[in-house]
1. In the list ALA390, ALA371, ALA394, which residue meets the criterion of being in contact with a helix residue (DSSP H, G or I) (Cβ under 6 Å, 6 or more places away or on another chain) and either at pLDDT 80 or above or not in a helix (DSSP H, G or I) (or both)?
2. Within the set of pairs 6+ apart or on separate chains, which have a first residue in the range 326-338 that is under 17 Å from ALA266 (Cβ atoms), a second that is surrounded by fewer than 23 Cβ atoms within 10 Å (Cβ to Cβ) and β-branched (Val, Ile, Thr), and C-beta atoms under 6 Å apart?
3. Kindly establish whether LEU94 is buried (at least 16 other Cβ atoms within 10 Å of the Cβ), aliphatic (A, V, I, L, M) and either at pLDDT 50 or above or over 30 Å from LEU152 (Cα atoms) (or both).
4. For the range 128-144, which positions are at negative phi and charged (D, E, K, R)?
5. Looking at the range 116-127, which of the residues that are of a type outside the set (S, T, N, Q) and within 22 Å of the chain's Cα centre (by Cα) is nearest to ARG67 (Cα to Cα)?
6. Among the listed residues VAL320, VAL262, VAL334, which satisfies the condition of being at pLDDT below 85, touching a helix residue (DSSP H, G or I) at 6+ places or on another chain (Cβ under 9 Å) and not aromatic (Phe, Trp, Tyr)?
7. Quick check on this structure: which one of ALA231, ALA207 is assigned to a helix (DSSP H, G or I), touching a Lys or Arg at 6+ places or on another chain (Cβ under 9 Å) and modelled with pLDDT of 90 or more?
Amino acid sequence: MYPLVSKSAMRVPFVPECERYRFKDPMWQVAAPLAFTVMDPGPRLGFRQALRQPGVAVFTSAGLLARLPVAMIALATVLLVSNVTGSYAYAGALSALFAVTAALVSIVTSRWADTIGQTVVLRILGIGHSLLIVAFTLSIVRDLPKLWQVLLVVCAGATSPAIGSYVRARWAGLSTDAGIARVGFAWESILDEVIFTIGPLITTYAAFSFGFATPLWIAAICVGIGSVWLAAARSTTPPVHTSADRGMSFTRVVRSPGLRPVVISALGLGTLFGSLDVGIVAFTAENGSGTFAGVALACFAGASMLGGILYGIRQWPSTVVRHTQVSAAALALVMVTLPFVPGNPLLAVIAGLAGFCVAPTLIGLFTLTSALVPQRHVTEGLTWTNSGLAAGFALGSALAGILVDSFGPRFGLGMGLVGAVVALSAVLIRSGTLTTHSQDPKTTASDQGTPVPAWNDDPIAGPHPAG
């Protein structure tokens, strides 16, 4: 996944018993409760029971180690490249190339994992990705020709394993009790927020204490060991399966009514995330404390986690469409002030406020996605939204780097405001479409079936779209 992305505690959908078990496919009996959007008023399983399931401690620990680099590589690349070459534009471009390549190729590699199993794929990708990070880092440190640097960063992105998806696939296949999977998803969401809180701190501390290449060395070690460790946990490896929709048009799901504005809104948020990575590094360095970039980014992620928890623990009035619009508007208002902050301490405060607003916006977008697409394609729809975030992150990194080099760090931070406005505009302009189609049931007979696994990330739950 991508930096600064927040997730919420998971809301539990409810399916009446007569509907839940009328599907004969046993996999559907696990997936069906996750595909409906009516709240379950009944009791919920706790973390203790879920974490005591056989094999959980191993694969969730391995997954945590393997995906820690997700919160380090982009920032580490910007720090290393900008300090070696003196160009934030080039640093942002390399970071963007890595993000775009990882997002696109992960679709293919995740399908490959479904076809031949996670064990082989994790070994190949984990070791290959680790070695390519080392090679890319050496190409920067030794000032190799830029063609080699670009080629190596693209190859490193192409071999990036979608660890979050692999881990959640293990939770989904762990038990016939869908409640175990739901609690597992919530647990992994908490770990994601921990990663994106400590990752920037580790990156900046290691870079300024031991050298700017150090965070990438750490990332290479973590992803290599973590991936091989996860591959070795064979007892929880999901079964191999073949998708029933192999011949389906690549764009069929994204053409679902209302989904495109959601993806565009996600593109705007991704632009905000990418521009903050570059803009905050440049701003704190200009103000005399480059290490403070990690503090500011950690404030963003920590506040985002808090916002997600507060939004997810209760049922709020009105609809998710309105929730998303209000939180996106609040985010845009906060971002208006960011380019004008006088120094690093206030930068961290404003970044925290922005992160707090990001959480309900993201939760709303993913909740709307799950309501706008047919049930059997709900995870593929979530993949499109995640791809919007990835593309936006790459765009934000590249454009912010150019703006920082040409006009200064404040213009890089201003690019985040542009992203926030795009995110808000998309859900405002198509408000009627989103409201109408998010409340329509997507349960026709032709659409019933086992949902396809998410290709490059995982479902994020939230309140029911109708309120």
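1. On the way: ALA390 fails: either at pLDDT 80 or above or not in a helix (DSSP H, G or I) (or both); ALA371 fails: either at pLDDT 80 or above or not in a helix (DSSP H, G or I) (or both).
The match here is ALA394.
2. Hits for this filter: ALA332/VAL421.
3. On the way: buried (at least 16 other Cβ atoms within 10 Å of the Cβ): yes; aliphatic (A, V, I, L, M): yes; either at pLDDT 50 or above or over 30 Å from LEU152 (Cα atoms) (or both): yes.
Yes, satisfied.
4. Taking the range 128-144 as the starting set, the residues that turn out to be at negative phi are 128-142, 144.
ARG142 - this is the single residue of the range 128-144 that is at negative phi and charged (D, E, K, R).
5. Here is the first cut: in the range 116-127, the residues of a type outside the set (S, T, N, Q) are 116-117, 120-127.
Then drop every residue that is not within 22 Å of the chain's Cα centre (by Cα), which leaves 121-122, 125-126.
Numbers: VAL121: 15, LEU122: 12, LEU125: 13, GLY126: 11 Å.
Among those residues, the one meeting the criterion is GLY126.
6. On the way: VAL262 fails: at pLDDT below 85; VAL334 fails: at pLDDT below 85.
Step by step, each of VAL320, VAL262, VAL334 is checked, and only VAL320 is at pLDDT below 85, touching a helix residue (DSSP H, G or I) at 6+ places or on another chain (Cβ under 9 Å) and not aromatic (Phe, Trp, Tyr).
7. Details: ALA207 fails: touching a Lys or Arg at 6+ places or on another chain (Cβ under 9 Å).
One residue alone meets the criteria, ALA231.
Conditions tested, residue by residue: (1) modelled with pLDDT of 80 or more; (2) closer than 15 Å to PHE411 by Cβ; (3) surrounded by 24 or more Cβ atoms within 10 Å (Cβ to Cβ); (4) touching a helix residue (DSSP H, G or I) at 6+ places or on another chain (Cβ under 7 Å).
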{"site": "SER275", "(1), (2), (3), (4)": "yes, yes, yes, yes"}
{"site": "VAL278", "(1), (2), (3), (4)": "yes, yes, yes, yes"}
{"site": "PHE283", "(1), (2), (3), (4)": "yes, yes, yes, yes"}
{"site": "THR291", "(1), (2), (3), (4)": "no, no, no, yes"}
{"site": "VAL295", "(1), (2), (3), (4)": "yes, no, no, yes"}
{"site": "LEU306", "(1), (2), (3), (4)": "yes, no, no, yes"}
{"site": "LEU310", "(1), (2), (3), (4)": "no, no, no, no"}
{"site": "GLN325", "(1), (2), (3), (4)": "yes, no, no, yes"}
{"site": "VAL341", "(1), (2), (3), (4)": "yes, yes, no, yes"}
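The values are calculated or read from the model by the stated rules, or taken from the named source; none is laboratory data. Every value quoted in this text rests on a predicted model; they were computed, and no experiment measured them. Quick reminder, even Gly has a Cβ in these numbers, built from the backbone with ideal geometry, and neighbours come from all protein chains shown.
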